[in-house]
1. So residue 255 passes all but one of these: (1) more than 16 Å from the ligand (Cβ to nearest atom); (2) part of a loop (DSSP other than H, G, I, E, B); (3) closer than 30 Å to residue 60 by Cβ. Which condition number does it fail?
2. So, in region 312-345, exactly how many residues are closer than 16 Å to residue 270 by Cα, modelled with pLDDT of 90 or more and either surrounded by 19 or more Cβ atoms within 10 Å (Cβ to Cβ) or not assigned by TED's automatic domain parsing to the domain that holds residue 263 (or both)?
3. Being within 16 Å of the ligand (Cβ to nearest atom), within 27 Å of the chain's Cα centre (by Cα), within 16 Å of residue 250 (Cβ to Cβ) and assigned by TED's automatic domain parsing to the domain that holds residue 368 is true for just one of 209, 224. Which residue is that?
4. Among the residues of region 270-286, is any outside any helix (DSSP H, G or I), under 14 Å from residue 349 (Cα atoms) and assigned by TED's automatic domain parsing to the domain that holds residue 350?
5. So which residues in region 35-86 are under 30 Å from residue 273 (Cα atoms) and part of a strand (DSSP E or B), if there are any at all?
6. Restricting to region 183-195, name every residue that is within 10 Å of the ligand (Cβ to nearest atom), touching a residue at least 60 places away in the same chain (Cβ under 8 Å) and surrounded by fewer than 23 Cβ atoms within 10 Å (Cβ to Cβ).
7. Suppose we keep only residues that are assigned to a loop (DSSP other than H, G, I, E, B) and crowded, with 24+ Cβ neighbours inside 10 Å within region 347-376. Which one would you say is nearest to the ligand (Cβ to nearest atom)?
8. Search region 262-282 for residues that are on the phi > 0 side of the Ramachandran plot and pair each with any residue that is surrounded by fewer than 24 Cβ atoms within 10 Å (Cβ to Cβ) when their beta-carbon atoms are under 6 Å apart and the residues are at least 6 apart or on different chains.
Ligand SMILES: [Zn+2]
């Protein structure tokens, strides 16, 4: 048995360098396409059944990737291991240089994987079928990306090096509230009377703080609790030092001279912001442990980032749902952006644009304390539903600090 395994490994090794020779295990023997009204079908034939994953990537260019645990190229009609698709599929290429073998297809328009199938031979080889369908740019952005680390990886880590990744516990729920702008930075400037953005953000933030504390279930950290200027980097640092379970940045939008846009928007992190969070983690030396291989630390960082990304998305969804019950939404769909303030390496984070100060109705709403309270009640409901899994426990509300004021004081 061991001999056979070694022999197979050797033949795969040789095949990787020989290109296409005699038929062997997991050889791709055909790639073909079918154009249908609602989707494009890609069929890959192999000599043996194969394990695969199909996913799209949005950066640096729109692509579909079909990654095989192991495969070699053996399509005789395409000796350069490249070809051309149909419909939304442009050029494709077989890439055997990465740790896994991949077929990479360029996409001419935003698409998503609709279904995948593994079919037994029917006159030819085993068939891997991937159907892709057109989608909106927003959905494409939302559904694209390398698949998140899986449980298998956790198991592997445990077996290999005895390191387990434990998601943050929420025994004590700590929330950082970040009223945007402040001091010499007014944010969006009022044009219908009432306060500038910095005032609206602060007023809403203080209401949310008091609502959270009144439940007896939360600890709260403010990045500022008065009209002071706090650098973006300092806000990120406050999130980091707070070791919090959630970071919520409060803002009011501006559409410049356009008075039409109205309603609230909830942003979580886009792929660039996720990359920045990862870069922050590495720069800060997180999870670096001399007793561990570098790759393990790297994997733990990636798991932490994946958790942050997933929890941010989950909370954004809860907040959008709750706010949508009582207030207009500008975008009732997941929105992602590269906001610096969201890029602490670990804390799930969203940016809440509460409405447009450049819209007459929104401006009236945002400057009304009653309406601010209503909006923050929605935020409280979202936080409560997000942390419902944490269960009850002893009341433990505590107002920890107005970290922003401390920051400014220590910077002087
Ligand atoms: Zn703002």
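1. (1)
2. Here the count works out to 10.
3. 224
4. Yes; the residues of region 270-286 include at least one that is outside any helix (DSSP H, G or I), under 14 Å from residue 349 (Cα atoms) and assigned by TED's automatic domain parsing to the domain that holds residue 350.
5. If we filter region 35-86 for residues that are under 30 Å from residue 273 (Cα atoms), which is where we start, we get 52-69.
Once the filter is applied, which keeps residues that are under 30 Å from residue 273 (Cα atoms) and part of a strand (DSSP E or B), region 35-86 yields 52, 53, 54, 55, 56, 57, 63, 64, 65, 66, 67, 68.
6. 187
7. Checking each candidate, the answer is 357.
8. 263/328; 263/329; 263/330
The values are calculated or read from the model by the stated rules, or taken from the named source; none is laboratory data. These numbers were taken from a predicted model, which means no experiment stands behind them. All Cβ positions, even for glycine, are placed from backbone atoms using ideal geometry, and neighbour counts span all protein chains on display.
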